[in-house]
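Shown next, in structure tokens, is the structure this report addresses.
The values are calculated or read from the model by the stated rules, or taken from the named source; none is laboratory data. Because the structure is a prediction, the values reported are computed rather than measured. Glycine also receives a Cβ, built like all others from the backbone with ideal geometry; neighbour counts cover every protein chain displayed. Ligands, DNA and RNA are excluded from the accessible area calculation, which covers all protein heavy atoms including side chains. Shrake-Rupley method; radii C 1.70, N 1.55, O 1.52, S 1.80 Å.
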Amino acid sequence: MKTYIFVRNIKYRPSTFYRIFQYLNHSGLTSYELVEFESNLFYEKKTKKRIVNLFYMLIYSLIPGYIRRLKALMKISINKSEYKIIIQRECFPRIITPLGKLLLTKILKNAFEVYWDLDDNIFDSKEISKYEEILLNNYAKTIIVGNDFLKSRIMNEKKVVILNTTDIMMENIDLNIVNKERKKSFSQEIILIWVGTKSNIEFLKNIIPQLEVLARLVENKKVRLKVISNIELRTTTKYLIVENIKWNRDLAFKEMLNSHIGLMPLTENEFTLGKCAFKAVQAIGCGLPVVVSNVGMNKEVIKKGNGVLINDNSSWDEAIISIVSNFQDWEEKSLLSRELWLQDFNSKNNRKFLLDLLI
């Protein structure tokens, strides 16, 4: 039986890649068809000029994306064989036209099984229309969400399965080898790492004053902050060394393996409560002690003493100092982070869950 998997973009949409595609790639399965709506060109043509970006959005995303959706739905609607549907986040972002409603309703109604996957608060952001939300709540056999907060936003919680967002690149790390290399740099500098996007870099900016205090207080060592992002952090510091690195998947992984502490500052609101602490999950997968804001799912990545939960922005410097006072204490927390990832966020479990849906 064929399974049609509806996604927005494999290369540039993290939720598509980490929730779906990384498990399908090299799986050897042929019983599925990925229905990708957004062209890579939309992301690759982006500039700093808002008017130009709006034009590109129209010609590379909105119009062709809508046509791709309709063509895919029409193709499935005339399918005489049994099929399954997996929809990642939504089929029609924000607005669904009458024709879209008709076709989407038809294919969901006729599907053998429907699965709906989401890892962000797409409800308050209005990313999904109310019509499609109700439709997917009604027809989905199982609704797969990234955390308890998202579960609470589903109309029928009995259908919900919680599946965290994680990363298969962390599966085969030899932490003994990695930490031998980290020990070499530990005597000379403390390397902090933050991985994120334009939408959440403001949270990092909020704690730069505390990181500057940290860099001033640490004796005989430099403090370096690596910012792995699609946007540069523009800030002026005297003691803290800020290194902007343009994000790509392999480079982010490499930089995590060369760092000492992962950071994830957040401010609590409806949007951040829907986040799945993914960058912190990647950090503990790499055996990094983590310092994170006490918000939402961040609480799940601090267990067994592998890091510090921060309740306000005034104590980041103290929290980091408590972890890096000596290498032995740091290494103990590193091992605890890796242990927590293997226990609660192991991508092998997610792979089995998803691939079982396709068999």
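As for region 121-144, it holds at least one residue that is in contact with a Ser or Thr (Cβ under 9 Å, 6 or more places away or on another chain), more than 23 Å from GLY285 (Cα to Cα) and touching a residue at least 60 places away in the same chain (Cβ under 8 Å).
Any idea which residue in region 1-16 is surrounded by the most Cβ atoms within 10 Å (Cβ to Cβ), counting only those that are in contact (Cβ under 8 Å) with a residue 40 or more places away in the chain and within 21 Å of the chain's Cα centre (by Cα)?
Here the answer is PHE6.
Here LEU288 meets the list (1) surrounded by fewer than 24 Cβ atoms within 10 Å (Cβ to Cβ); (2) part of a loop (DSSP other than H, G, I, E, B) almost entirely, failing just condition (1).
Taken over region 19-41, the criterion of being open to solvent by less than 50 Å² (accessible area, probe 1.4 Å) and under 14 Å from LYS352 (Cα atoms) is satisfied by ARG19, ILE20, PHE21, GLN22, TYR23, LEU24, SER27. For region 195-239, a residue qualifies if it is aliphatic (A, V, I, L, M), surrounded by 19 or more Cβ atoms within 10 Å (Cβ to Cβ) and farther than 15 Å from GLU318 by Cα, and the qualifying residues are VAL195, LEU204, LEU225, VAL227, ILE228.
Answer yes if at least one residue in region 240-253 is in a loop (DSSP other than H, G, I, E, B), closer than 18 Å to SER187 by Cα and either open to solvent by less than 70 Å² (accessible area, probe 1.4 Å) or among the β-branched types (Val, Ile, Thr) (or both), and no otherwise. Show your work before the answer.
The first filter runs over region 240-253 and keeps only residues in a loop (DSSP other than H, G, I, E, B), leaving 240, 247-248.
Among the residues that remain, those that are also closer than 18 Å to SER187 by Cα are: 240.
Going one step further and asking which of them are either open to solvent by less than 70 Å² (accessible area, probe 1.4 Å) or among the β-branched types (Val, Ile, Thr) (or both), we end up with 240.
Yes, some residue in region 240-253 is in a loop (DSSP other than H, G, I, E, B), closer than 18 Å to SER187 by Cα and either open to solvent by less than 70 Å² (accessible area, probe 1.4 Å) or among the β-branched types (Val, Ile, Thr) (or both).
Considering only residues that are in a helix (DSSP H, G or I), within 21 Å of the chain's Cα centre (by Cα) and buried (at least 24 other Cβ atoms within 10 Å of the Cβ), which ones fall in region 299-339?
Residues of region 299-339 that are in a helix (DSSP H, G or I), as a first pass: 299-301, 316-323, 327-339.
Keeping just the survivors that are within 21 Å of the chain's Cα centre (by Cα) gives 299-301, 337-339.
Once the filter is applied, which keeps residues that are in a helix (DSSP H, G or I), within 21 Å of the chain's Cα centre (by Cα) and buried (at least 24 other Cβ atoms within 10 Å of the Cβ), region 299-339 yields VAL301, SER337.
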